[in-house]
Amino acid sequence: MKETVLLYGFTDQERLSRVKRALLPLGMRMKCIAPGEYLNPVGHMAGIKEIEPAKEVYEGPEFEREMMVMAGLASGRVDAVIYALRKGGVGRVDYKAVLTPVNQFWDAVKLYEEIAREHEAMNGQPETSVVSE
């Protein structure tokens, strides 16, 4: 699988441009996922042909926070992404995940909710809501 970074909820176009500029030298494929595609399995969105797309279209609200899913990256390359974002002035992306054999079948909404729970457990900050209204 080609190294791929999936970007969910990056609505600030200037910030999105900084992300793209930061990651471009790493030679990874970047894909911005539209809200209507949030029910597709993240593995399908990352390019795994064996994982079928969703039959439904997401009609809910945009995610409250940005989420980044890294697929096909070795651990050193994950570190390179995080470093490039910091060096490129992007700042933190709190909701990050690496594609795994388990979460590749999850849709973005389920993955987002799981990351939100983990983020709350690690930081002791309750999330007010998973998605914005």
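The values are calculated or read from the model by the stated rules, or taken from the named source; none is laboratory data. Treat the numbers as computed from the prediction; the structure is a model and nothing was measured. Glycine gets a Cβ as well: all are built from the backbone with ideal geometry, and neighbour counts include every protein chain shown. Just the protein is used for accessible areas: all its heavy atoms, side chains included, with ligands, DNA and RNA removed. Shrake-Rupley method; radii C 1.70, N 1.55, O 1.52, S 1.80 Å.
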Output the number of the condition that Leu73 fails; it satisfies all remaining conditions of (1) more than 15 Å from the chain's Cα centre (by Cα); (2) open to solvent by less than 50 Å² (accessible area, probe 1.4 Å); (3) at negative phi.
-> (1)
Out of all the residues in region 55-65, is one or more free of Cβ contacts under 8 Å to residues at least 12 places away in the same chain and open to solvent by 10 Å² or more (accessible area, probe 1.4 Å)?
-> yes
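Yes/no per residue for (1) free of Cβ contacts under 8 Å to residues at least 60 places away in the same chain; (2) among the acidic types (Asp, Glu); (3) assigned to a loop (DSSP other than H, G, I, E, B):
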residue: Pro25; (1), (2), (3): yes, no, no
residue: Leu39; (1), (2), (3): no, no, yes
residue: Ile48; (1), (2), (3): yes, no, yes
residue: Pro53; (1), (2), (3): yes, no, yes
residue: Tyr83; (1), (2), (3): yes, no, no
Any idea which residue in region 41-54 is most open to solvent (accessible area, probe 1.4 Å), counting only those that are under 17 Å from Tyr112 (Cβ atoms) and among the hydrophobic types (A, V, I, L, M, F, W, C)?
-> Ala54
Looking at Tyr83, Tyr38, Tyr112, which is the one that is open to solvent by 60 Å² or more (accessible area, probe 1.4 Å) and under 24 Å from Gln13 (Cβ atoms)?
-> Tyr83
